[in-house]
Structures are given as structure tokens and as C-alpha cells.
Amino acid sequence: EGDGDGTAAALRAVAFAPTGRFRDRIRALRPGDRVTLCGEHEVRADADGPASTLKLEKFAVRDLVRTEPAVPTCPECGRSMSSTGRDQGYRCRDCGTSAAGKVDRPVDRDLDPGWYEVPPSARRHVAKPLVRGGFDAPTHPER
């Protein structure tokens, strides 16, 4: 959920040990991925003020980041280029060829868009299983 101005709100979300592969799917997320999270929201007061945590039960992958910034490869000799300093680009140590900055490199992702849930043994009794349908994207139920 956002702040109403098109930006995402920061929220601490946790997946617990009994959720098995569900935690692995959470770990496969990267900064910039767009997701919808579902679970139990807990607000607790501590010394630093109120702390808000979402105990995850399911999530939907809406959009995945498919590239990441990478050090460019020299087009002349094929070696990895070296940085010439902050905001100064990259240069090949062998042949002197230069590049303006990092390049986008494709990233292989193990996740597909759609809904993911915790296994039945970790599901709360009030959570609707994905196999019952009614979700707005493909489902990947946990068996």
C-alpha cells in the first residue's frame, strides 16, 4: 500500500521458519519488485516508539526487476572494465577503451508473477487458501 502520492510505504514484513519454501520465495525478491502483501498486522510500542510488523501469509508478485547494473565489458578485448573514480565512468586497463557508466545486465529470476502462500501447516484458520480461487492473478499454491 502506498502513501497516496504514488510512492510505496515502508513496512517490515516477516516470514517464519515453518513456512519453508515460502521464505525462499520471499528471499528471491529484490529491491524494485512490486508486490502485494497479505498477513496479520501487528503494532507494538517499544523504546523507539510504535513498531509495525506484517506477519506474511501470502503475497502477489506484480512486477519483477529483470535487469541489474553491472560493470561494462570492454568491446575491444572482452575484459571487465575498471572504475576511473566516482561519477567518472569506466576504462579498460589493457586497451584504454572507456565507457560512461554501468550497463544493465539481464537477471534470471525464479519467481513468476502471481500469488504465493505459506504451506497449509503454517496457515492460520482464517486465511483463504489460493486453491479456493477469486484472486486477480495466477496462483502458485503451496502443497
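The values are calculated or read from the model by the stated rules, or taken from the named source; none is laboratory data. This one's a predicted model, so the numbers in the text were calculated from it and none came from an experiment. As a convention, Cβ positions derive from the backbone with ideal geometry for all residues, glycine included, and neighbour counts pool all protein chains shown. Side chains are part of the model used for accessible areas, which takes the heavy atoms of the whole protein and leaves out ligands, DNA and RNA. Shrake-Rupley method; radii C 1.70, N 1.55, O 1.52, S 1.80 Å.
If you look at the Cα atoms of the chain, you get an Rg and a Dmax of 21.1, 65 Å. Computed from backbone phi with θ = phi - 60° and the Karplus coefficients 6.51, -1.76 and 1.60, the 3J(HN,Hα) list for the stretch 25-31 is 5, 5, 5, 6, 6, 10, x Hz; x is used for glycine and proline.
Here the convex hull built on the C-alpha positions of the stretch 67-106 has a volume of 58 cubic angstrom per residue. Charge tally for residue 42 (other residues, Cβ to Cβ under 14 Å; Lys, Arg +1; Asp, Glu -1): +1. Heavy-atom accessible area for residue 80, with the other protein chains in place and a 1.4 Å probe, reaches approximately 70 Å².
Share of the chain's accessible area from carbon and sulfur, percent, 1.4 Å? Answer for the chain: carbon and sulfur cover 46 percent of the accessible area. Inter-part distance, the stretch 17-42 to the stretch 43-80, computed on C-alpha centroids, equals 11 Å. Among 44, 86, 21, the residue with the largest mean-square fluctuation in a Gaussian network model of the chain, with springs joining Cα atoms closer than 10 Å, is 86.
Applying 1/(1 + (r/R0)^6) with r as the Cβ-Cβ distance of residue 36 and residue 88 and R0 = 30 angstrom yields a FRET efficiency of 0.15. Taking 7 Å steps out from each Cα toward its Cβ at residue 53 and residue 121 produces label points 2.2 nm apart. Counting only residues at least eight positions apart within a chain, or on another chain, the aspartates and glutamates with an alpha carbon under 12 Å from that of residue 102 are 68, 87. What the chain shows is 68 Å² of accessible area per residue, with the surface traced by a 1.4 Å probe over protein heavy atoms.
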